[in-house]
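Contents: one structure, followed by commentary.
The values are calculated or read from the model by the stated rules, or taken from the named source; none is laboratory data. Model, not experiment: these values are computed from the prediction. No Cβ is skipped: glycine too gets one built from the backbone with ideal geometry, and neighbour counts run over all protein chains shown. Areas reflect the complete protein model, heavy atoms only, side chains present, ligands, DNA and RNA absent. Shrake-Rupley method; radii C 1.70, N 1.55, O 1.52, S 1.80 Å.
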Amino acid sequence: MAAPSCNALGLWVRGSGQCLGSRFILACQPFCSSAAASGTLNAQRLAEKLRSQKQEQKTKKQPVPTNPVQRRVQELVRFTQQLQRVHPNVLAKALSRGIVHQDQDLVVINKPYGLPVHGGPGVQLCISDVLPILAKMLRGHKAEPLHLCHRLDKETTGVMVLAWEKEMAHQVQELFRTRQVVKKYWAIAVRVPVPSAGVVDIPIVEKEVQGPQQHYKVAVTQYQVLSSTLSSALLELQPITGIKHQLRVHLSFGLDCPILGDHKYSDWNKLAPQKLSVGTLKKLGLKQAKARHIPLHLHARQLVLPALGSRKEELNLVCKPPRYFLCSLRRLDLRMPSQDQSGDNEAGRLRAQ
């Protein structure tokens with residue numbers, strides 16, 4: 001009688017000294033065919049059960065919040081998740097609807113919340129992926145891809161500049177690098193900075209390196225309070241330098257006024273959902289347990305580009321804040337600057353809803 005055949009079954013097991021520092025190694029052990037068949041059957045049943053449970057969770061309807069703010073937060077979470085799953089053509093079409101300026105050299109869009117500019121781990125779709133499609137939508141099928149001139153963080157909304165030619169993109173990038181571009185952001189801050197206007201000049205450790213010395217970078221931010229209550233403020237921020245997360249770090253650790261929805265820099269010692277006061281939560285209509293869903297309220301409102309290329313005068317680019325930003329302003333009793341007529345009209349429309 002022939003001996004039963006044996007197969008090799010790969011198993012993840014904890015590593016040892018033989019694994020050269022890796023935590024796991026792939027080990028192969030002989031299994032007789034009968035045992036392998038039984039194990040495969042059990043594994044198949046388990047996989048089917050897990051898939052079934054996951055599908056039930058997807059199809060299970062979540063209760064619709066009665067509170068309008070909670071409902072808006074739920075909509076925003078769902079919207080940002082959908083942005084990562086839509087077809088690139090759909091995303092390009094959405095970006096085209098957010099164009100605030102277009103000429104023979106540049107295309108300027110109003111970047112949505114939750115959309116990364118570049119790819120990376122866990123990123124399924126980003127702005128750079130759809131630039132060839134967006135170019136064809138604007139100039140036809142023979143159009144060359146648009147080029148990024150700068151970047152915004154995934155959670156930041158607002159003015160974003162693209163260029164038709166690579167050389168023009170390099171020129172705009174040089175303007176940013178040499179600090180010739182005026183950049184103004186709006187942010188809703190938890191608490192009110194004192195004084196109401198000033199300059200934060202605090203170096204930032206962009207990346208800690210091994211050794212006794214740390215690598216600091218000069219970081220300078222001008223700020224001004226546009227509107228305030230006892231517990232919150234609308235700020236205009238003008239970064240003089242361009243260090244990663246500079247505005248968030250300066251507001252939180254320099255002024256002790258973190259940006260609403262900044263769950264990364266609101267606490268010195270831990271990474272946790274932002275802790276809000278009872279009064280702020282009441283105004284927003286939220287419980288602390290739901291605070292983790294509050295989006296970052298940081299908006300790149302304005303860029304002023306100096307004369308460049310065929311343009312003989314400076315270009316003033318302005319994007320109105322997203323709807324959730326305006327809703328939070330209204331809820332927190334913060335007023336838009338009177339000169340921003342488009343923002344006032346939008347806020348007034350939201351009040352009427």
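On full extension, the segment bounded by ASP201 and GLU174 gains 7.4 nm, given 0.36 nm per residue less the C-alpha separation. A cut-off of 5 Å between modelled amide H atoms, ignoring neighbours fewer than 5 places along the same chain, links LEU226 with LEU234, LEU235, GLU236.
A straight chain from SER310 to LEU50 at 0.36 nm per residue would run longer than the Cα-Cα distance by 87.6 nm. Within the accessible surface of the range 275-325, defined with a 1.4 Å probe on protein heavy atoms only, the carbon and sulfur portion equals 56 percent. A convex hull fitted to the Cα coordinates of the range 232-293 yields 97 cubic angstrom per residue. Peptides 317-323, 169-175, 158-164 ranked from most to least packed give 158-164, 317-323, 169-175, packing being the mean of other C-beta atoms within 10 angstrom over each peptide's residues. Here's how it looks for LEU298: its modeled amide H is under 5 Å from those of THR157, which are all 5 or more places away or on a different chain.
PHE253 exposes around 60 Å² of accessible area when a 1.4 Å probe is run over every protein chain in place. Database remark: amide H of VAL100 closer than 5 angstrom to the amide H of VAL108, ILE109, ASN110 (H placed geometrically; neighbours at sequence offset of 5 or more, or on other chains; Pro and chain starts carry no H).
Each residue of the range 121-138 is assigned a 3J(HN,Hα), and the resulting list reads x, x, 8, 8, 8, 9, 4, 4, 5, 9, 4, x, 5, 4, 4, 5, 5, 8 Hz, derived from the Karplus form 6.51 cos²θ - 1.76 cosθ + 1.60 (θ = phi - 60°), x at Gly and Pro. Checking the Cα-Cα distances for LYS166/LYS217; LYS111/LYS287; LYS93/LYS275; LYS136/LYS217; LYS111/LYS142 against a 31 Å cut-off, the pairs over it are LYS93/LYS275; LYS136/LYS217.
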